[in-house]
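**Q** I'd like to ask some things about the structure below.
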C-alpha cells in the first residue's frame, strides 16, 4: 500500500464551511470515485489501474476518513450537495463518475442534480433503490468487521488487505464511517424512494455492475437501476462479492475504463 500511495497527491479543499481531503493521480480526462460506506483505503490497485487512463480523484466524503464531518448534514443529499460543490471548486467538467456500493447511490444522486457535468456514470454494486426482491443487508446488526467480510466472496483477499483480523486503527476508522452512515443513510436504510423517479431523466451512458456473489445488495436493485435509466446497461460478474474493486481490482477497473472511454 505504501508504495502505491506515492503515486497520488493528497489535496485539501475548503468546501461548505469544512475541509474535504482527496487523493489525485494519473493523467488524462477526469474521473471521480465515490467510495463505499466503509471509506477509502488509500491509493490501491483499482485506483492505480484507472489512473493509467484518467486523472483520478478519490475524495474522502464529508464525515469519512480525513474529511471534516459536516455537523449540519442529516441526509445523503446533503453529502451529495457538498461533493457537487467540491467538483465546482476543483473546476471539474466532463467527468467520468464512478460510485461503489453506498457511493453508487450517492453518485446516482449527483447525476440527478446536474448530469451535464458528467460524461458517463458507472455504478458498481450500487445501493440507493429499495429492492423489490430481497433486502440490503443491515450492517448495524453485525460487527463492522463481519459486515466487511460478508462483502468478500474470497476471504483470502480480505486477509491480504487487512490481515485475518483487522488492526485496532482500522476498526476505529471503519467505526467512524459507520457513525457517519448512520447519520445520513439509516432511515430509510440505504435507499431513497424518490430516486427511481428522478433517474428517469438521467440520460448519461451508465454501466451498472453487479457481483453475482454479492451478499449485501440483491441483484434486483441493479436491475431496477437499469430498468429506470434510459441509457443504462447491466454487467453481472461472477466469483466476487460486494467490495468487488477490492477483491478483483483489475477486472472491475477494465470494465470501468472501457465504459468511461466510450467503447
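**Q** Please indicate, with yes or no, whether at least one residue in segment 140-163 is part of a loop (DSSP other than H, G, I, E, B), modelled with pLDDT under 95, farther than 20 Å from residue 182 by Cα and more than 17 Å from the chain's Cα centre (by Cα).
**A** yes
**Q** To continue, here is another question. Please list, ordered by first then second residue, the pairs with beta carbon atoms under 6 Å, 6 or more apart or interchain, first in segment 184-199 and at positive phi and in a loop (DSSP other than H, G, I, E, B), second surrounded by 11 or more Cβ atoms within 10 Å (Cβ to Cβ) and at pLDDT 95 or above.
**A** Partner pairs satisfying both residue conditions: 190/127; 190/136.
**Q** Moving on. Given the conditions (1) under 20 Å from residue 23 (Cα atoms); (2) part of a helix (DSSP H, G or I); (3) in contact (Cβ under 8 Å) with a residue 24 or more places away in the chain; (4) in contact with a helix residue (DSSP H, G or I) (Cβ under 8 Å, 6 or more places away or on another chain), and given that residue 170 satisfies all but one, which numbered condition is not satisfied?
**A** Result: residue 170 passes all but (3).
**Q** Also, I was wondering about something else. How many of the residues in segment 159-171 are surrounded by 11 or more Cβ atoms within 10 Å (Cβ to Cβ) and farther than 9 Å from residue 145 by Cβ? Full working, then the answer.
**A** Of all residues in segment 159-171, those surrounded by 11 or more Cβ atoms within 10 Å (Cβ to Cβ) come to 159-162, 166, 170-171.
In the following step, the residues that additionally are farther than 9 Å from residue 145 by Cβ were identified as 159-161.
Adding up the residues that qualify gives 3.
**Q** So, of the residues in segment 22-42 that are in contact (Cβ under 8 Å) with a residue 40 or more places away in the chain and in a loop (DSSP other than H, G, I, E, B), which turns out to be farthest from residue 145 (Cα to Cα)?
**A** The residue in question is 29.
**Q** What about residue 204, is it more than 22 Å from residue 76 (Cβ to Cβ), in contact with a helix residue (DSSP H, G or I) (Cβ under 9 Å, 6 or more places away or on another chain) and surrounded by fewer than 23 Cβ atoms within 10 Å (Cβ to Cβ)? Write out each step before concluding.
**A** Working: more than 22 Å from residue 76 (Cβ to Cβ): no; in contact with a helix residue (DSSP H, G or I) (Cβ under 9 Å, 6 or more places away or on another chain): yes; surrounded by fewer than 23 Cβ atoms within 10 Å (Cβ to Cβ): yes.
Spelling it out, it is not the case that residue 204 is more than 22 Å from residue 76 (Cβ to Cβ), in contact with a helix residue (DSSP H, G or I) (Cβ under 9 Å, 6 or more places away or on another chain) and surrounded by fewer than 23 Cβ atoms within 10 Å (Cβ to Cβ).
**Q** Would you please name the residue that is farthest from residue 110 (Cα to Cα), looking only at residues in segment 217-240 that are touching a helix residue (DSSP H, G or I) at 6+ places or on another chain (Cβ under 6 Å) and assigned to a loop (DSSP other than H, G, I, E, B)?
**A** Here the residue is 240.
**Q** Hey, can you tell me all the residues within segment 10-21 that are touching a residue at least 60 places away in the same chain (Cβ under 8 Å) and assigned to a strand (DSSP E or B)?
**A** Of segment 10-21, the ones touching a residue at least 60 places away in the same chain (Cβ under 8 Å) are 13-16, 18, 20.
Listed by number, the residues that qualify are 13, 14, 15, 18, 20.
**Q** Would you mind finding the one in 108, 122 that is within 17 Å of the chain's Cα centre (by Cα), part of a helix (DSSP H, G or I) and surrounded by 15 or more Cβ atoms within 10 Å (Cβ to Cβ)?
**A** Details: 122 fails: part of a helix (DSSP H, G or I).
Just one listed residue meets the conditions, 108.
**Q** Looking only at segment 66-91, how many residues end up being outside any helix (DSSP H, G or I), closer than 25 Å to residue 187 by Cβ and touching a strand residue (DSSP E or B) at 6+ places or on another chain (Cβ under 7 Å)?
**A** Of the residues in segment 66-91, 3 are outside any helix (DSSP H, G or I), closer than 25 Å to residue 187 by Cβ and touching a strand residue (DSSP E or B) at 6+ places or on another chain (Cβ under 7 Å).
Here's the yes/no breakdown for (1) at pLDDT below 95; (2) within 18 Å of the chain's Cα centre (by Cα); (3) within 23 Å of residue 255 (Cα to Cα):
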site	(1), (2), (3)
16	no, no, no
24	no, yes, yes
30	no, yes, yes
35	no, yes, yes
39	no, yes, yes
45	no, yes, yes
49	no, yes, yes
67	no, yes, no
75	no, yes, no
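The values are calculated or read from the model by the stated rules, or taken from the named source; none is laboratory data. All values derive from a computational prediction rather than experimental measurement. Counting neighbours? That spans all protein chains shown, and the Cβs are built from the backbone with ideal geometry, glycine included.
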